[in-house]
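Colleague: Here it is, the structure, as structure tokens.
The values are calculated or read from the model by the stated rules, or taken from the named source; none is laboratory data. Since the model is a prediction, treat every value here as computed from it, not as a measurement. Every residue, glycine as well, gets a Cβ built from its backbone with ideal geometry; the counts of neighbours run over all protein chains shown. With ligands, DNA and RNA removed, areas are computed over all heavy atoms of the protein, side chains included. Shrake-Rupley method; radii C 1.70, N 1.55, O 1.52, S 1.80 Å.
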Amino acid sequence: MPTVHSLVLFMAAGLALNLTPGPDMLYVAARSTTEGRLAGVVSAIGIGAGTLVHIAALALGLSALLTAVPVAYQAVRFAGAAYLIYLGVRALLRPNAPAAAPNVQRASLGAVFRQGVVTNVLNPKVALFFLAFLPQFVDPSRGNPVVQTTVLGLMFDAQGTLVNVAVALGASAAGDWLRGRDGGGTRAAAVLGRVTGVIFIGLGARLALASRK
């Protein structure tokens, strides 16, 4: 397993990333605002379930790359670094640009859950982000890459689900803040966008410069 230092760094970086407003968070906020906290919490759980699909796919694919194709590992590492740096630069240039929120209509809790799963699974940016983010915390010399990737992915998913549940519990205020409808919300979103941009660029640089052990 990764070292304690790596796990702490992973959780800190993961928290910053999970707090960044995006389509999943806005979906939770929209559901909670229009249909109540329970619908928001169910949608957050649905999104967390969808993330499990990305974790399983990444664990299996990443394992093959790490153990069998060193050149492919390097290609993924540099591609991931470039993607993270791109996200960071975009966040710095457009710190308060809101993500597009899905159009939500009333539905049963079962439908809310299923739509949360689909919203996450069918978002290719989630798969790309996992591919860019998790590999830099996986050390093949410290154990099975599949186990490491799965554990890290589950930690990230659990943390993200808790964040989305918190968004659901504070639906109205969170919805106003996330959409930047008032002056304070716009300033807060801009600050968060810049901080996130710096984090993405730092992670991308770390991934590009780190040597495989």
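Colleague: Exactly one condition in (1) at pLDDT 80 or above; (2) open to solvent by less than 40 Å² (accessible area, probe 1.4 Å); (3) closer than 30 Å to Pro140 by Cβ is not met by Ala82; state its number.
Modeller: Of the numbered conditions (1) at pLDDT 80 or above; (2) open to solvent by less than 40 Å² (accessible area, probe 1.4 Å); (3) closer than 30 Å to Pro140 by Cβ, the odd one out for Ala82 is (2).
Colleague: Please verify whether Ala111 is surrounded by 14 or more Cβ atoms within 10 Å (Cβ to Cβ), modelled with pLDDT under 70 and over 26 Å from Ala12 (Cβ atoms), treating the condition exactly as stated.
Modeller: No.
Colleague: Please go through region 85-108 and pick out each residue that is open to solvent by 80 Å² or more (accessible area, probe 1.4 Å), modelled with pLDDT of 70 or more and not in a helix (DSSP H, G or I).
Modeller: None; the set is empty.
Colleague: Within region 117-150, can you find the residues that are among the β-branched types (Val, Ile, Thr), under 16 Å from Thr51 (Cα atoms) and surrounded by fewer than 17 Cβ atoms within 10 Å (Cβ to Cβ)?
Modeller: Result: Val118, single match.
Colleague: Name, by its number, the condition in (1) modelled with pLDDT under 80; (2) over 20 Å from Val41 (Cα atoms); (3) of a type in the set (Phe, Trp, Tyr) that does not hold for Trp177.
Modeller: (2)
Colleague: Follow-up. Can you name every residue in region 12-70 that is assigned to a helix (DSSP H, G or I), at pLDDT 75 or above, over 19 Å from Val147 (Cα atoms) and open to solvent by 50 Å² or more (accessible area, probe 1.4 Å)?
Modeller: Answer for region 12-70, where residues must be assigned to a helix (DSSP H, G or I), at pLDDT 75 or above, over 19 Å from Val147 (Cα atoms) and open to solvent by 50 Å² or more (accessible area, probe 1.4 Å): Ala12, Leu15, Arg37, Leu38, Ile45.
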